[in-house]
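S.K.: Handing you a structure now.
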Amino acid sequence: METAKKNILISGLPGIGKTSLIKKICQELKDSGPIGFYTEEIRNEGQRKGFQLIGLNGHRTIFAHVLIESNYHVGKYRVDINAFDEFLESIDFKHKKSSLIIIDEIGKMECLSSKFIKMIWDILDSSNRVIATISHTDGGIKGKIKQREDVELFKMNLDNRDSLLTDILEIVNTSN
């Protein structure tokens, strides 16, 4: 049997359920002491207005919003790179007790940060198991990451989104 690849990436169209899956993975593997973060939408009157980052250590920050003043933007959202970089500093990604790092997501907004890009390469190259969501597009760094030999890429769609939790947990639990 082929050895499982240590870096698990979940890709799929926006709104397909990648963050929901990451939250379930965090819950199922909480006894492993994972470190990292996930992203939540900020909604107002049914409209998406931005995104906040939530660290598994409890730290939170607004990352992108229609009302933020910033030179960086993706679509209608202004991206606060300084807040993102400070948020990344609040998470101890080099903590040796955790062998599981969870990142939601490796996307266009996140990749505006040079600190994040360097951190992602360091994390993927580390001995830690990584479970991350990644943009469905393949441009730039995202395409290079997906092509790594140590990456197992799951493409989430309507047919498999309910079974991916079981598939990913099976890989994690059999390789520990």
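Since every read-out is calculated from the coordinates, none of them should be taken as a lab result. Since the structure is predicted, the reported quantities are computational estimates derived from the model, not experimental observations. Neighbour counts run over all protein chains shown; Cβ positions are idealised from the backbone, glycine included.
S.K.: If you count the DSSP beta bridges with both ends in the chain, what percent of them are antiparallel, to the nearest 5?
M.R.: In the chain, approximately 50 percent of DSSP beta bridges are antiparallel ones.
S.K.: While we're on this one: Long-range amide H contacts for I68: which residues qualify at under 5 Å (H placed 1.01 Å from N, peptide plane, sequence gap of 5 or more or a different chain)?
M.R.: Amide H to amide H, under 5 Å and 5 or more residues apart or across chains, I68 pairs with R78.
S.K.: Could you sort out which of K18/K115; K6/K49; K6/K115; K5/K76; K49/K94 sit more than 29 Å apart by Cα distance in this structure?
M.R.: K6/K49; K5/K76; K49/K94, as the Cα separations exceed 29 Å there.
S.K.: Given the C-alpha centroids of segment 1-73 and segment 124-155, what is the distance between them in whole angstrom?
M.R.: About 15 Å separates the Cα centre of segment 1-73 from the one of segment 124-155.
S.K.: Shifting gears a bit: About the Cα centre of segment 15-128, how large is the charge dipole given +1 on each Lys and Arg Cβ and -1 on each Asp and Glu Cβ? Please answer in debye to the nearest 20.
M.R.: Roughly 200 debye for segment 15-128.
S.K.: Return the Cα extents of the chain along principal axes one, two and three, sorted largest first, each rounded to a whole Å.
M.R.: 51, 37, 31
S.K.: Still on this structure, I have one more. When the Karplus curve 6.51 cos²θ - 1.76 cosθ + 1.60 is applied with θ = phi - 60°, which whole-Hz ³J(HN,Hα) does each residue of segment 29-34 get, with x for Gly and Pro?
M.R.: Those phi angles translate into 10, 4, 5, 7, x, x Hz.
S.K.: Can you tell me the relative contact order of the chain? Whole percent, Cα pairs under 8 Å, sequence separation 6 or more.
M.R.: Details: 292 pairs, mean separation 56.5, N = 176.
Rounded, it is 32 percent for the chain.
S.K.: Given R₀ = 25 Å, what would the calculated FRET efficiency be for K94 paired with D167, taking r from the Cβ atoms and rounding to 0.05? Present the calculation step by step, with values, prior to reporting the outcome.
M.R.: Details: r = 29 Å, r/R0 = 1.15.
About 0.30, to the nearest 0.05.
S.K.: Additional query: Can you list the HN-Hα couplings for segment 137-151, worked out from phi with the Karplus curve (6.51, -1.76, 1.60; θ = phi - 60°), rounded to whole Hz and with x for Gly and Pro?
M.R.: For segment 137-151, the Karplus curve yields 7, 10, x, x, 4, 4, x, 5, 5, 4, 8, 4, 5, 9, 10 Hz.
S.K.: I've got another one for you. Within segment 59-89, which residues have the backbone N less than 17 Å from the label spot 7 Å out from K49 along Cα→beta-carbon, could you tell me?
M.R.: Of the residues in segment 59-89, 61-70, 76-80 have backbone N under 17 Å from the label point off K49.
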